[in-house]
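The next block holds one structure in the form of structure tokens; read it before the comments.
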Amino acid sequence: MTWSLRFFVNSLLLGVGLAMDAFSVSMANGLHEPCMNRRRMGTIAGVFAGFQALMPLLGWICVHTVLQLFEGFTVFIPWIALLLLCYIGGKMLLEGIKSKEDEECEGVSKGGLILQGIATSIDALSVGFTIAEYGPLMAVVCAAIIAVVTFVICWGGLVIGRTFGTRLAGKASILGGVILIFIGLEIFVSSL
């Protein structure tokens, strides 16, 4: 593929498609942490954007180096996403059930955020196959576009979740946990 408007449009559309799971998880995080400040929102959106950029590049590298190994791994992608999101969602669900209305606003841990980033972007490894004909620079530019799109979409999800989280008070963690479990199930079922 050559540098063209088509390349940029395809990269934008890939970014939008890949960011949907991260958007939903961002909404759940906003629900869970309604008092989140802008710096925290930037961190969360940045983690999702980083993973959404990294995974297609890793897929591209796999296509150009160890294709046979990667093909064997693709069967496990839905299982990994399901397990990670159900674990995080279940934890949020239990915290929401156990929490008191007057507790201080507490967000997802750093480790939990990394797990969310991996779970929502692991399917993006397969994008490496779709961008396999790109040269190294084009693959990096495509990944950067995906990252920017993901960041913007996740920021919006955090704002929406935070807004509703403030209104839902103590029940927001329960809703956020249910959303994460549903996303994990959706990723798993859609891969069958």
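The values are calculated or read from the model by the stated rules, or taken from the named source; none is laboratory data. Model, not experiment: these values are computed from the prediction. Virtual Cβ from ideal backbone geometry, glycine too; neighbours counted across all protein chains shown.
Looking at V63, is it aliphatic (A, V, I, L, M), in a helix (DSSP H, G or I) and closer than 13 Å to L113 by Cα? No: the conditions fail for V63. Scoring L69 on the criteria (1) among the aliphatic types (A, V, I, L, M); (2) at pLDDT 70 or above; (3) assigned to a helix (DSSP H, G or I) leaves a single failure, condition (2). Spot the failing condition for L94; the list is (1) at pLDDT below 80; (2) crowded, with 22+ Cβ neighbours inside 10 Å, and only one is missed. Result: L94 passes all but (2).
Residues of region 97-110 that are of a type outside the set (G, A, S) and either at positive phi or at pLDDT 75 or above (or both): V108, K110. In region 40-62, the qualifying residues are those that are out of contact with any Ser or Thr (no Cβ under 6 Å at 6 or more places or on another chain) and under 14 Å from K110 (Cα atoms), and the one that is surrounded by the most Cβ atoms within 10 Å (Cβ to Cβ) is I44.
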